[in-house]
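Report on one structure; see the data block that follows.
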There are 2 protein chains.
Amino acid sequence: MKYAQATNYALHTMVYLASISPDSLVGVRLLAELQSVSTTYLSKILTKLAKEDLVSSSPGVNGGYRLARSADSITFLDIIEAVEGRQAILTCQLAGVEKEEACVIQQKMEVGEQQLKSYLAGITILEIVEELDESVKSFLLKHQR
Amino acid sequence: MKYAQATNYALHTMVYLASISPDSLVGVRLLAELQSVSTTYLSKILTKLAKEDLVSSSPGVNGGYRLARSADSITFLDIIEAVEGRQAILTCQLAGVEKEEACVIQQKMEVGEQQLKSYLAGITILEIVEELDESVKSFLLKHQR
DNA sequence: CTAATTATAGACATTAAGACTCTTTAATTA
DNA sequence: TAATTAAAGAGTCTTAATGTCTATAATTAG
């Protein structure tokens, strides 16, 4: 079980946005360079984040992205679900014997998944930024516009 | 994030093995019928479980599979890792800025993953069998050899 | 007003993984 | 010896992930 690479990009992008400048706009080109990924591909991911209202965007000269909300109100769960979707970790088709009743296996998995979600919902982008190494922070701050 | 369908088959197969008969051998054909999956495909999954010493197998007439250990010593985590592998849920390539230090994002994910693993390691096959509905149990018992 | 810049969207290509099937081989037992 | 059953390998098919390329729309600098 592994998250998509896109989820990794999304998490880093949000941390970078919060770190470089929580308020002013940051272009996708810089965000892509920081992660060695193409601008077009990262754009797709950012569009997903925008649709879930995690970032806001502005086109045009000096346009770009910024956090749509305060960094302490955006959690890992928000970001992961925006990119991965909200499908359950395991779903039984409930064919054959267990057709009429809920699958016990699935019930157990749901509990575990809920625990993980609770944990992820407790981690904010602000928290990550605060724990960043100083050298990383100062590097990112150099790229403010 | 979703487990493979094969993981679902594996979990059900282990529960069926424990339920039908913890000691005597059960052929893959029956196990496949119960889940509406082909015998050859389920065979592959069972071979993975055998390699991790979760089931033991015997070829030949009246051969088949049985649990390799007692049902209370086999956990969801054992089965899931046997099928899914043991790759981390998220790994940063640690390029660019964060090259020299561990990625904070990854560290947070590792904690969550460890929590999930602990939960999964606490759920045994025996526990599932005990919680099965009586109608399911009696249905499965009809297929003892 | 025009040109440059930037996000958005769609179509497309490539790759990898998952989910199988088919066939052969090896082991075991009736 | 023949039937049965697991193991293993090769191959197929589908789907999803990971991108690229191009065109369009919105915004702003000049």
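The values are calculated or read from the model by the stated rules, or taken from the named source; none is laboratory data. In this text, all values refer to a predicted model and were calculated from it rather than measured experimentally. No Cβ is skipped: glycine too gets one built from the backbone with ideal geometry, and neighbour counts run over all protein chains shown. Only protein heavy atoms, including side chains, enter the accessible area calculation; ligands, DNA and RNA are left aside. Shrake-Rupley method; radii C 1.70, N 1.55, O 1.52, S 1.80 Å.
A few points about this structure:
- The GluC sites (Glu not before Pro) of region B:38-137 that meet both conditions, a loop assignment by DSSP and at most 16 other Cβ atoms within 10 Å of the site Cβ, are B:52, B:100, B:101.
- Surface composition of region A:23-145: carbon plus sulfur atoms hold 50% of the accessible area, using a 1.4 angstrom probe and ignoring ligands, DNA and RNA.
- Using alpha-carbon coordinates, inclination of helix B:5-20 to the longest axis of chain B, degrees: 40 degrees
- Summarised in one figure, the compactness ratio Rg/Rh of region B:1-63, Cα atoms and Kirkwood Rh, is 0.94.
- Solvent-accessible area of residue B:109, all protein chains in place: 0 Å² (probe radius 1.4 Å, heavy atoms, ligands and nucleic acids excluded).
- Residue-averaged beta-carbon neighbours from other chains (10 angstrom radius) around B:102-111: 5
- Trypsin sites (Lys or Arg not before Pro) lying in DSSP loop within region A:25-107, provided at most 12 other Cβ fall within 10 Å: A:86, A:99
- Degrees separating the helix B:104-121 axis from the principal Cα axis of chain B, which is the longest one: 20 degrees
- Between B and A, accessible area buried - total, square angstrom, nearest 100, 1.4 angstrom probe: 4300 Å²
- Probe 1.4 Å, all protein chains present, accessible-area order of A:13, A:47, largest first: A:47, A:13
- Shielding value for B:29-37 is 2, the average number of Cβ atoms from other chains within 10 Å of each residue's Cβ.
- A point 7 Å from Cα along Cα→Cβ stands in for residue B:131, and the other copies hold the same point at 3.0 nm, listed in rising order.
- Neighbouring Cβ atoms from other chains, within 10 Å of the Cβ of residues in B:59-68, number 0 on average.
- Averaged per residue, the protein assembly as shown has 47 square angstrom of accessible surface, using a 1.4 angstrom probe with ligands and nucleic acids left out.
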